[in-house]
1. Modelling each spin label as a point 7 Å along the Cα-to-Cβ direction, I'd like the A:Thr17/B:Thr50 distance in nm, to one decimal.
2. Using a Förster radius of 25 Å, what is the FRET efficiency between A:Gln86 and A:Tyr238 based on their Cβ-Cβ separation? Nearest 0.05, please.
3. Set Lys and Arg Cβ to +1 and Asp and Glu Cβ to -1, take the dipole of chain A about its Cα centre, and tell me which of A:Ile81, A:Val174, A:Ala60 lies farthest positive.
4. With every atom except the alpha carbons ignored, what do you get for Rg and Dmax of the protein assembly as shown, in angstroms?
5. Between rounded, prolate and oblate, where does the stretch B:17-144 land on the alpha carbon gyration tensor, with a ≥ b ≥ c its root eigenvalues, rounded for a/c under 1.5, else prolate if a/b exceeds b/c?
6. How far is it, in nm, from the label point at A:Gln42 to the one at A:Asp72 when both lie 7 Å from their Cα along the line to the Cβ?
7. Looking at A:Gly122, A:His101, A:Thr21, which one has the Cα that reaches farthest to the positive end of the dipole of the protein assembly as shown (charges on Cβ: Lys, Arg +1; Asp, Glu -1)?
8. What is the set of long-range amide H partners of A:Leu191 at a cut-off below 5 Å, with H atoms built 1.01 Å from backbone N?
Amino acid sequence: MRDGSGAPERPAGRESTPELTRVVDELEGTLAEAGRLLKALQAAVPPPPPKEDPAAEQVARLQRDLDTAELDLSEFSTRLIETENQRSRLMNLYVATYQLHATLDLEEVTSTIAEISRELLGAQKYVLLLRNESEDQVCEVSLAGGLDERDHLFLGRTYTGGEPTVDGTLADGVLRVDPEAGSNVLAAVPLTVQGAIVGALAILKLFDHKPALTAGDRDLLDLLAAHAASALLAARIYSATDRKLKTLENLVKLVR
Amino acid sequence: MDTMRYEYSRPQKQKLGREDEKTMEPKKILVVDDSKLIHKMFEVMLRSNTLVHAEDGQEGLQRLVENADVDLILLDINMPRMNGLEFLDAVKRNNAFVQIPVVIVSTEGKEEDTERALQAGAAAYIKKPFESESILSVISKVLAS
């Protein structure tokens, strides 16, 4: 309690001494210093952060999730397109193989090779060469489509060489998709049976609306290299055997 | 909150294929083509549908008379006996078949071939070689319209 002068009230029954006054003054000074320090501390400590808005936090999280989902969707779309392309390629391969081995009729097998070249590969000009059994260096032109006078090497009934890409394939049995210098053959497909090169399929020109051979076409050419020759050989053997059988049957009829 | 910002629309697929095949109701489709390979390809591609096969235009007309409930015709142009354009002309002149949509599937890829076929009444023109997704997409659209 203080009196009207503002000086601290002295305890009753006790006399004010200079010593007491000094202590009181010191205490007051300490108190004022403590007040200043408290203010300085309050100024130095940053105010506590405001409480976050839960809705904004949720929106930010949802946005992150959405971004991730969109990335996933983009990747899945790409994969879906790749898978559909692959399915389309596999379907072509399946149908081509099925048709090649669906018959033992030589004419039908040859016709199937022509259809694969034209309908699946988009070849406007193509030629199928089969090695002559008696003359090793001569090939019979077994099938030709869309040829004109510029393809004079293949216009006759036989092919005796002169086209570098085709000659190379007939020599080493390697599928060539990039034409060699001086050649206008787009692809030369070897026809091999048990390691022996029995002929080649040459693609000379594609339809105007088909710009180039694709990776899927390459698969189809590989398939032709593996299956066309065996299908042709099987048809030839069947045809020869059938002919012999009919001759024998006629002979037996004559004997009877 | 601005809700439009979070509205989500799925990016459109660039190609359609299996989806069209699945959503398409089974249909009766007449395939007129002289290539056995193409018949087999359509058999595989459109296996959930009923296919009627013909190897040229004349046989196609005969099959059409026998199967008047055909929903769609897939037609080649270069064929023996009666070609695709002659067949298309015969179909479009017959009141019983005039409503059946015809999709040309041909190796003939010149602009004038396409225009000639479309002017003759074809609903769409697809050039061979084709990808299964593109043909399924066209078939689906033609049947939907």
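Readers should treat all values here as calculations from the given coordinates under stated rules, not as data from a laboratory. None of the values given here were measured: they were computed from a predicted structure. FYI the Cβ positions are ideal-geometry reconstructions off the backbone, even for glycines, and counts take in every protein chain you see.
1. 12.6 nm
2. Efficiency computed from Cβ-Cβ geometry: 0.15.
3. Toward the positive end, the furthest listed residue is A:Val174.
4. 41.8, 166
5. Rounded.
6. In this crude spin-label approximation the distance works out to 5.3 nm.
7. Toward the positive end, the furthest listed residue is A:His101.
8. Here A:Val198, A:Gly199, A:Ala200, A:Leu201 satisfy the definition.
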